[in-house]
Amino acid sequence: MTGALTLLAIGFLLIASLVYLLRRRGLEEEDVPWLRDEDSGIPSAHSEDHRKGQLDRIFGCEDWDFIRKSTSSRVQQLFLKERKGIALSWLSRLRREARTGMRLHVARVRASEELDPLAELRLAIDYYAFQAKCGLIAAILLLGGPMALRNMVGQAESLSNNLRGMLEAALKPDAFSQRTRVR
Amino acid sequence: MNGKPMERRPNQLTSMAVEDGLRDLRNRTLAKLDGDFARLVYLASTRDYNTGRYAHDGLSFRFTESVAERVLAEAHREVFASLALSPLKILVTQLEQYIRSGCARPDELLASWRELEPFRILAPEHDDPITVKLFASNIRVALAIVKESWRANQLL
């Protein structure tokens, strides 16, 4: 009985969140690099290489190994402080991009007459799970100290891929226009 | 097929001119500079602080002003991208090479770069903000490393 009530409460909470998102007015234009491409919104091979290079640099161990072996503790502290700042900026951008993508999606959904509640619910769950994961990584970075940055390239890459998958599903022009044609 | 030479559109001609211009810039100017860091400083200096537009008399004379501008912008983006995402070890080597090239006294350069952070204007316009931040951050760390090794060499 208690389990059913809990599930009901979670379901109600998710539906309330979805209604809140749908009713939220004012589409805030933010800078989303991979939405600039008018054709698809999917990043090119060049930007994909750039993204991987950037992730390796921010979260990889190569630079830290060099710093640890050949510099003083003062430089090591400076490096870790700098990297922590960059990692937090990267995370914050990722969250901003997801928020903008979601707002674009909600704006499209509002104009649609063929709303698929189940798909929307799934997307809302993905979105909040993504935001929670971002928050968790930010908390690890802040609480765990700079050392927590080491070996985080895998998590960062999976987070970035999650966002891409979510935005591609939410904003794919073909699939969406067929499903949400305004009559 | 019909015996006539293939006609080229203006866009094709411009992109060919940009390719030629890039080759010209690499061979005549950039090749003479000692390392990518010196190249980056040089390319950033061809951009007007007020307008953000690139200018180069030699390239404008050989091609056109707009081709010269595109060539410089492209070369700037290339050199910046290669340095900004390169390992810190390489960046430190490049910075040391630039300091050794004798553009200023090492102690003066290190002090003014740490104080004024002029390297912030080395990034091309419209580049990815995180990459630009990463570059500035890496330069701050590289400066600290170079300063330490320079002091150690002074004491020897």
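The values are calculated or read from the model by the stated rules, or taken from the named source; none is laboratory data. A quick note: this is a predicted structure, and the numbers were derived from the prediction, not measured. Heads up, the Cβs are rebuilt from the backbone with ideal geometry, glycines too, and the neighbour counts pull from every protein chain shown.
Looking at (1) surrounded by fewer than 19 Cβ atoms within 10 Å (Cβ to Cβ); (2) assigned to a helix (DSSP H, G or I); (3) of a type in the set (A, V, I, L, M, F, W, C), find the lone condition where B:CYS103 falls short.
Here B:CYS103 meets the rest and fails (2).
Name the pairs: first residue in the stretch B:136-149 and more than 9 Å from every other protein chain (Cβ to nearest Cβ) and buried (at least 20 other Cβ atoms within 10 Å of the Cβ), second residue of a type in the set (Val, Ile, Thr) and assigned to a helix (DSSP H, G or I), Cβ to Cβ under 6 Å, at least 6 apart or on different chains?
That search, which allows pairs on different chains as well, returns B:ALA142/B:VAL92.
Under 30 Å from A:LEU94 (Cα atoms), within 14 Å of chain A (Cβ to nearest Cβ), in contact with a helix residue (DSSP H, G or I) (Cβ under 9 Å, 6 or more places away or on another chain) and at pLDDT below 95, is that true of B:LEU110? Walk me through it before giving the result.
Working: under 30 Å from A:LEU94 (Cα atoms): no; within 14 Å of chain A (Cβ to nearest Cβ): yes; in contact with a helix residue (DSSP H, G or I) (Cβ under 9 Å, 6 or more places away or on another chain): yes; at pLDDT below 95: yes.
Spelling it out, it is not the case that B:LEU110 is under 30 Å from A:LEU94 (Cα atoms), within 14 Å of chain A (Cβ to nearest Cβ), in contact with a helix residue (DSSP H, G or I) (Cβ under 9 Å, 6 or more places away or on another chain) and at pLDDT below 95.
Does B:ILE90 satisfy being under 25 Å from A:GLY85 (Cα atoms), surrounded by fewer than 17 Cβ atoms within 10 Å (Cβ to Cβ), of a type in the set (Val, Ile, Thr) and facing another protein chain (nearest Cβ under 10 Å)?
Here the answer is yes, as B:ILE90 does meet what is asked.
Which of the numbered conditions does A:ILE58 fail, given that it passes all the others? Conditions: (1) more than 9 Å from every other protein chain (Cβ to nearest Cβ); (2) closer than 25 Å to A:GLY144 by Cα.
With respect to (1) more than 9 Å from every other protein chain (Cβ to nearest Cβ); (2) closer than 25 Å to A:GLY144 by Cα, A:ILE58 is out only on (1).
Give the number of residues within the stretch A:80-137 that are in contact with a Lys or Arg (Cβ under 7 Å, 6 or more places away or on another chain) and within 14 Å of chain B (Cβ to nearest Cβ).
3
So which residues in the stretch B:26-52 are more than 9 Å from the chain's Cα centre (by Cα), surrounded by 14 or more Cβ atoms within 10 Å (Cβ to Cβ) and under 18 Å from B:ASP127 (Cβ atoms)?
Across the stretch B:26-52, the qualifying residues are B:THR46, B:ARG47.
Which ones in the stretch B:55-70 are within 14 Å of B:ASP20 (Cβ to Cβ) and aliphatic (A, V, I, L, M)?
Listed by number, the residues that qualify are B:LEU59, B:VAL67, B:ALA68.
For residues that are in a loop (DSSP other than H, G, I, E, B) and surrounded by 14 or more Cβ atoms within 10 Å (Cβ to Cβ), tally how many sit in the stretch B:114-125.
Going through the stretch B:114-125 one residue at a time, the tally reaches 2.
Let's see how each residue does on (1) part of a loop (DSSP other than H, G, I, E, B); (2) among the aromatic types (Phe, Trp, Tyr); (3) touching a Phe, Trp or Tyr at 6+ places or on another chain (Cβ under 6 Å):
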| residue | (1), (2), (3) |
| --- | --- |
| B:TYR42 | no, yes, no |
| B:VAL71 | no, no, no |
| B:LEU83 | no, no, no |
| B:SER112 | no, no, no |
| B:ASP127 | yes, no, no |
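Name the residues in the stretch B:53-69 that are part of a loop (DSSP other than H, G, I, E, B) and either among the acidic types (Asp, Glu) or surrounded by fewer than 19 Cβ atoms within 10 Å (Cβ to Cβ) (or both), would you?
B:ARG53, B:ALA55, B:THR64
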